[in-house]
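The values are calculated or read from the model by the stated rules, or taken from the named source; none is laboratory data. Only a predicted model underlies this, so the values are computations on that prediction, with no experimental measurement involved. Glycine also receives a Cβ, built like all others from the backbone with ideal geometry; neighbour counts cover every protein chain displayed.
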Amino acid sequence: MAKYMEPDHPLNICKKEENDKIVDEIQAVLGEDTAAIALLMTYNQKKTSPSKYADTSIGLLEELGIEHAITAIKKTGDIQKLFLLINSFGGQVPSSYKIAAALRENFKRITVFIPHYAASGGTLIALTGNKIIMGGMSSITPIDVQITKNGETYSVNSLIRAFYSENELFSETHEDDAPYHWKAMANKFDPRELQDCYDISDHMKMHALEILKHPDSSFKDTAVEIVEKLNKRFPTHQTSIRYNEAKGIFGETFCIKQNSSDKCFTLWKPMQSWFENYLAHESDSHIIRYVLPKEHKNEGDQKC
């Protein structure tokens, strides 16, 4: 079923923020060269039938919505900095990658705010941040890729690990002497499927490395290490990586926790309010909103 669009805008997913209170709070900390974008998955999906809900994962509409927001921001002048608010369970890898690449290419300095959850493709987009701000309930996830087979969804890393476990079983036991259930498991491995898993995993790592090695990224020197940790360190795709683990991946200088003395964290409250404003909003896609700076430079300009 096609996603519903209000007739006043072909990309209703993306709008200039209209809540005056939110706009005032955010503009109070925006410099003349800084804008803000919110990419928000809400927790109230629209019903598409009596028993089904809309798929709110990152996809084509989110690509077009972010493109619209970037275009609107760039039309206002030389905007070089971005405050990016993310709440997302992720979605399609190509769409998440294109959004991340577009943001990284258009803004020299990005500060990412994660009030609750930036998972999977949302984590990939969060890698655009020169700084990542997290709160007490914030988390990211690994960037291993999930695939669907016979109606079941699983991480490609699970199949790769299963293959190595099976291979280890047979390393010291001849096939003729192996228990039946070992042989049954071995017969289920399709070498083409296994190669696909390797290729898919490598593709995701390639995307992440491109984002992290961008000339404006803060993580150029540690990109390979970060990607390896996010791709292979954690046991499941759903693992919640909270601040204490995240700071070990990105470094305390670039991953900042709630109540930190870092001046960027003074922006947390308006960003959290922005997120909470849409928390229960009924939606069949991510909500994308943007805030432009005031025409004059703010005295309280935050240099994040």
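Out of contact with any helix residue (DSSP H, G or I) (no Cβ under 8 Å at 6 or more places or on another chain), assigned by TED's automatic domain parsing to the domain that holds residue 63, surrounded by 24 or more Cβ atoms within 10 Å (Cβ to Cβ) and on the phi < 0 side of the Ramachandran plot: is that true of residue 126 in this structure? Spelling it out, residue 126 is indeed out of contact with any helix residue (DSSP H, G or I) (no Cβ under 8 Å at 6 or more places or on another chain), assigned by TED's automatic domain parsing to the domain that holds residue 63, surrounded by 24 or more Cβ atoms within 10 Å (Cβ to Cβ) and on the phi < 0 side of the Ramachandran plot.
Within region 33-60, restricting attention to residues that are in a strand (DSSP E or B) and loosely packed, with under 15 Cβ neighbours inside 10 Å, the residue that is farthest from the chain's Cα centre (by Cα) is 49.
Results for (1) of a type in the set (Lys, Arg); (2) under 28 Å from residue 68 (Cα atoms); (3) at pLDDT 95 or above, shown as yes or no for each residue.
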{"residue": "205", "(1), (2), (3)": "yes, yes, no"}
{"residue": "228", "(1), (2), (3)": "no, no, no"}
{"residue": "231", "(1), (2), (3)": "no, no, no"}
{"residue": "259", "(1), (2), (3)": "no, no, no"}
{"residue": "290", "(1), (2), (3)": "no, yes, yes"}
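Within region 227-258, being in contact with a helix residue (DSSP H, G or I) (Cβ under 6 Å, 6 or more places away or on another chain) and either part of a helix (DSSP H, G or I) or on the phi > 0 side of the Ramachandran plot (or both) holds for 227, 229, 231, 249. Taking region 227-244 as the range and being free of Cβ contacts under 8 Å to residues at least 40 places away in the same chain and of a type outside the set (S, T, N, Q) as the test, the residues that pass are 228, 229, 235.
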